[in-house]
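*Asks:* Before I ask anything, let me first share the structure, which is written out below as structure tokens.
The values are calculated or read from the model by the stated rules, or taken from the named source; none is laboratory data. Predicted model, so just to flag it, every value in this text is computed and none were measured. Reconstructed Cβ throughout: ideal geometry from the backbone, glycine too, with neighbour counts over all protein chains shown.
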Amino acid sequence: MSNKPVIIFEGIEGSGKSHHISNVAKYLKKKKLKFIKIREPGGSLNSEKIRKLILNKKSDFNKITDLLLYLASRSENIKQLKKHYKKKIILIDRFVDSTIAYQHYGFGVNIKLIKFLNDFLLKDFKVDYTFLNIVSKKNMINRLKLRKSLNRYDKFNSKFYENVQRGFLLIANKKKRKYKIINSNLDIKLNQNIIIKKINTLL
């Protein structure tokens, strides 16, 4: 593994992934290590425009349109990501596995189509490690209630999120050596320490 790895933070809504990626970014900055951090959808000027379309509460896209919008956002990011590949540590809030978990396990889009399009976009760009944050139904609901505003993807029914999280766990089970499952129902500082300890081994 390169000492400039590509590290992904995955998980359903309210799982704490965005908190942990921000904490890792602060840690790397303190260590004066070169890195970039982006989110998906989003991460660049055009991708952020697409993000607003996807997450707008008034949007009502069908599942194939949703998939293509997510991949359009990724397409806008990939040139930037490849520019820094193996030169800087890359942190990404959601990536390919989110597309599979949400679009396939959540919405039922054909997984072969998703993988074909992702492979076409990414080519030799490879993920080195993934932190999967899991959360209970109760904690997810409670955390979403604390948000000042909810986007379209924060408002699906609980069965949808159960299917998505199950999808993430199935993906993680196939890639055990490259996945760390973080139980976000536990103390947040405990999880921060677990993640930073693993980050140090990756670097």
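*Asks:* Working only within the stretch 140-149, note down all residues that are surrounded by 14 or more Cβ atoms within 10 Å (Cβ to Cβ) and either more than 19 Å from ALA172 (Cβ to Cβ) or modelled with pLDDT of 90 or more (or both).
*Replies:* If we filter the stretch 140-149 for residues that are surrounded by 14 or more Cβ atoms within 10 Å (Cβ to Cβ), which is where we start, we get 140-141, 143-144.
Passing the criteria: ILE141, ARG143, LEU144.
*Asks:* Evaluate the following for ILE7: is it assigned to a strand (DSSP E or B) and surrounded by 15 or more Cβ atoms within 10 Å (Cβ to Cβ)?
*Replies:* Values: assigned to a strand (DSSP E or B): yes; surrounded by 15 or more Cβ atoms within 10 Å (Cβ to Cβ): yes.
Answer is yes for this residue.
*Asks:* Test LEU71 against the criterion of being farther than 26 Å from ARG166 by Cβ, of a type in the set (A, V, I, L, M), assigned to a helix (DSSP H, G or I) and modelled with pLDDT of 95 or more, and give yes or no.
*Replies:* no
*Asks:* Which one of these does ASP66 not meet: (1) among the charged types (D, E, K, R); (2) in a loop (DSSP other than H, G, I, E, B); (3) farther than 24 Å from ILE7 by Cα?
*Replies:* Of the numbered conditions (1) among the charged types (D, E, K, R); (2) in a loop (DSSP other than H, G, I, E, B); (3) farther than 24 Å from ILE7 by Cα, the odd one out for ASP66 is (2).
*Asks:* A further question follows. If only one of LYS126, LYS115 is closer than 17 Å to ARG94 by Cα, in contact (Cβ under 8 Å) with a residue 40 or more places away in the chain and loosely packed, with under 15 Cβ neighbours inside 10 Å, which one is it?
*Replies:* After ruling out the rest, the residue left standing is LYS126.
*Asks:* Select, from LYS49, LYS58, the only residue that is at negative phi, surrounded by fewer than 16 Cβ atoms within 10 Å (Cβ to Cβ) and not in a helix (DSSP H, G or I).
*Replies:* It is LYS58.
*Asks:* Which members of the stretch 13-36 meet the condition of being farther than 16 Å from ASN193 by Cα, of a type outside the set (A, V, I, L, M, F, W, C) and touching a residue at least 12 places away in the same chain (Cβ under 8 Å)?
*Replies:* Hits for the stretch 13-36 are GLU13, GLY14, SER15, LYS34.
*Asks:* Sort through SER158, SER136 and tell me the only one that's farther than 22 Å from SER73 by Cα, surrounded by fewer than 12 Cβ atoms within 10 Å (Cβ to Cβ) and touching a residue at least 12 places away in the same chain (Cβ under 8 Å). Outline the logic, then answer.
*Replies:* Details: SER136 fails: surrounded by fewer than 12 Cβ atoms within 10 Å (Cβ to Cβ).
Being farther than 22 Å from SER73 by Cα, surrounded by fewer than 12 Cβ atoms within 10 Å (Cβ to Cβ) and touching a residue at least 12 places away in the same chain (Cβ under 8 Å) holds for just one of SER158, SER136, which is SER158.
*Asks:* Can you name the residue in the stretch 10-21 that is within 22 Å of GLU76 (Cα to Cα) and either at pLDDT 95 or above or among the basic types (Lys, Arg) (or both) and is also surrounded by the most Cβ atoms within 10 Å (Cβ to Cβ) among such residues?
*Replies:* GLU10
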